[in-house]
1. Could you name every one of the helices (runs of 4 or more DSSP H) located completely within region 40-139 that has at least 2 residues being out of contact with any His (no Cβ under 7 Å at 6 or more places or on another chain), within 25 Å of Ile152 (Cβ to Cβ) and free of Cβ contacts under 8 Å to residues at least 60 places away in the same chain?
2. So for region 27-39 (the condition being without any contact (Cβ under 8 Å) to a residue 60 or more places away in the chain, under 22 Å from Lys135 (Cα atoms), aromatic (Phe, Trp, Tyr) and not in a loop (DSSP other than H, G, I, E, B)), does at least one residue qualify?
3. Report whether or not Leu101 is under 24 Å from Lys135 (Cβ atoms), among the hydrophobic types (A, V, I, L, M, F, W, C), modelled with pLDDT of 95 or more and surrounded by fewer than 16 Cβ atoms within 10 Å (Cβ to Cβ).
4. For the structure I just gave you, tell me whether Thr42 is surrounded by fewer than 16 Cβ atoms within 10 Å (Cβ to Cβ) and either in contact with a strand residue (DSSP E or B) (Cβ under 7 Å, 6 or more places away or on another chain) or under 30 Å from Asp130 (Cβ atoms) (or both).
5. Out of curiosity, is Phe94 assigned by TED's automatic domain parsing to the domain that holds Lys19, among the aromatic types (Phe, Trp, Tyr) and within 27 Å of Ile7 (Cβ to Cβ)?
6. Filter region 52-94 down to the residues that are surrounded by 14 or more Cβ atoms within 10 Å (Cβ to Cβ) and aromatic (Phe, Trp, Tyr) and list them by number.
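The values are calculated or read from the model by the stated rules, or taken from the named source; none is laboratory data. Small disclaimer: the values here were computed from a predicted structure and weren't measured. Cβ atoms come from the backbone with ideal geometry, glycine included; neighbour counts cover every protein chain shown.
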Amino acid sequence: MNSKNNITIKSVNVNNYAKKITIEVKGEVYNIPFAKLTTKPTRQNPVIEIFVDQELASEAVTYMLKNGEVDSIPFDAFLDYNRNPDYLKKMFLFEMTNVALNKLKSTQLSKNEICKRLRTSPSQLARLLDPTNTKKTMDKMLELLVILGADIQLKCA
């Protein structure tokens, strides 16, 4: 899930010495260490080529190791590793929406009754249940989950 619509990576650099890859997006810089990559470079097998991948809509970087292995890193991996608050909020809303959709299948309540309890319209309920809608609030999603009988637990580690 790309948290920013039509985001494009402007530049990418690799630092084999510091063991990290750096991208620039709209003036913001994000790093990811080699340790978090699926195909990990080493001293004996360093990154020899890296580029913003046009075939992936410039939303990922692709790199090649000395031994010929090739892998790509999506922009979301950089956001996740850097704990980007906007990205994490949207991922949390996405998960809340999926729980709500599952609860909706098993509830005895009609959509009209849910709207009445939420004090909202059917069109707003449809927006709350749309996994691609990132403009909804956590407050309304929490209200919806409570109405649907979801067991809400908050765990901070």
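1. In region 40-139, 85-106, 111-118, 122-128 are the helices (runs of 4 or more DSSP H) which contain 2 or more residues that are out of contact with any His (no Cβ under 7 Å at 6 or more places or on another chain), within 25 Å of Ile152 (Cβ to Cβ) and free of Cβ contacts under 8 Å to residues at least 60 places away in the same chain.
2. no
3. yes
4. no
5. Here the answer is no, as Phe94 does not meet what is asked.
6. Tyr63, Phe75, Phe78, Tyr81, Tyr87, Phe94
Yes or no, residue by residue, for (1) modelled with pLDDT under 95; (2) β-branched (Val, Ile, Thr):
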{"site": "Ser3", "(1), (2)": "yes, no"}
{"site": "Lys19", "(1), (2)": "no, no"}
{"site": "Lys40", "(1), (2)": "no, no"}
{"site": "Ile48", "(1), (2)": "no, yes"}
